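Below: one structure, written as structure tokens.
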Amino acid sequence: MKKHFLFIIFIGIITTFSACDSSTPKPYGYFRIELPQPEYKTFDSIYPPCVMQISSSSKVVNRKSKDKQNDWIDIAYPQFNGRIHCSYSAINNNFRQLSEDSRNLVYKPHHLRADAIVEYPFENPETKVYGILYEITGNAASPYQFIVTDSTKHFLRGALYFEASPNADSIYPVAQFVKTDLQHLIETLTWK
């Protein structure tokens, strides 16, 4: 009788544990993000002295530089928790220095984390707008950065940042959406 009782308990324990779900973990998933259709509005600015088209789903936020001498702008995407930090510098025989500083801001902090850094040059001699859009792939802090200049008076630099841990898979759809906006911004920019 005692052997039958232990056998029934043993079968009961095995049945209980075999009825549980498998121990295979569920794959990670991300929230579905509804992206709006690209629409643009004209941003006419005194500082930086330019006219450009920005996304209708974004808003411009003014901010002070650390040295309090320049007003910088952010093009904010509140629904995506992201911002394009834009800084403007007037060129005063310092074009080479501004270019080198911008290049260092792209390559130095990202060369360890980025899988690749791809440069997309832009040139419009009619409006004297020349630029480079940098695509930084991988788990880098900033997936896109750009510079736009006329090489004699104006130098505008921008960097896209999301207020989230850098995870290329989770921000990819939004980063691609903003990339389209950045390309449009560069293509439509004119200097005052």
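The residues of the range 89-108 that are more than 22 Å from E135 (Cβ to Cβ) and surrounded by 18 or more Cβ atoms within 10 Å (Cβ to Cβ) amount to a single one, S89.
Hey, among D150, D101, which residue is of a type in the set (D, E, K, R) and without any contact (Cβ under 8 Å) to a residue 40 or more places away in the chain?
Numbers: D150 fails: without any contact (Cβ under 8 Å) to a residue 40 or more places away in the chain.
From the options D150, D101, the qualifying one is D101.
Can you list residue pairs whose Cβ atoms sit under 9 Å apart, with the first residue in the range 155-175 being farther than 30 Å from W191 by Cα and the second being in a strand (DSSP E or B) and of a type in the set (S, T, Y)? Count only pairs 6 or more apart in sequence or on different chains. So the pair list comes out as A168/T137.
Each row is one residue, and each column tells you yes or no for (1) modelled with pLDDT of 85 or more; (2) within 21 Å of Y161 (Cβ to Cβ); (3) aliphatic (A, V, I, L, M); (4) surrounded by 11 or more Cβ atoms within 10 Å (Cβ to Cβ).
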| site | (1), (2), (3), (4) |
| --- | --- |
| H4 | no, no, no, no |
| S18 | no, no, no, no |
| P25 | no, no, no, no |
| I33 | no, yes, yes, yes |
| N62 | yes, yes, no, no |
| I73 | yes, yes, yes, yes |
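Scan the range 143-163 residue by residue and report those that are within 9 Å of the chain's Cα centre (by Cα) and either crowded, with 20+ Cβ neighbours inside 10 Å or not in a strand (DSSP E or B) (or both).
Answer for the range 143-163, where residues must be within 9 Å of the chain's Cα centre (by Cα) and either crowded, with 20+ Cβ neighbours inside 10 Å or not in a strand (DSSP E or B) (or both): P143, Y144, Q145, A159, L160, F162.
Looking across the range 109-141 at every residue that is closer than 24 Å to D169 by Cα and aromatic (F, W, Y), the one that is surrounded by the fewest Cβ atoms within 10 Å (Cβ to Cβ) is identified as Y120. Among the residues of the range 104-136, those that are touching a residue at least 60 places away in the same chain (Cβ under 8 Å) and farther than 20 Å from V178 by Cβ comprise N124, T127, K128. Residue count for the range 117-142 under the criterion of being modelled with pLDDT of 90 or more and in a strand (DSSP E or B): the result is 17. Of the residues that make up the range 183-190, is at least one out of contact with any Lys or Arg (no Cβ under 9 Å at 6 or more places or on another chain), among the β-branched types (V, I, T) and either outside any loop (DSSP other than H, G, I, E, B) or at positive phi (or both)? Yes, there is a match, as at least one residue in the range 183-190 is out of contact with any Lys or Arg (no Cβ under 9 Å at 6 or more places or on another chain), among the β-branched types (V, I, T) and either outside any loop (DSSP other than H, G, I, E, B) or at positive phi (or both). Of the residues making up the range 145-166, those that are of a type in the set (S, T, Y) and either within 19 Å of V51 (Cα to Cα) or modelled with pLDDT of 95 or more (or both) are T149, S151, T152.
The values are calculated or read from the model by the stated rules, or taken from the named source; none is laboratory data. Just so you know, these numbers come straight off a predicted model, no measurement behind them. All Cβ positions, even for glycine, are placed from backbone atoms using ideal geometry, and neighbour counts span all protein chains on display.
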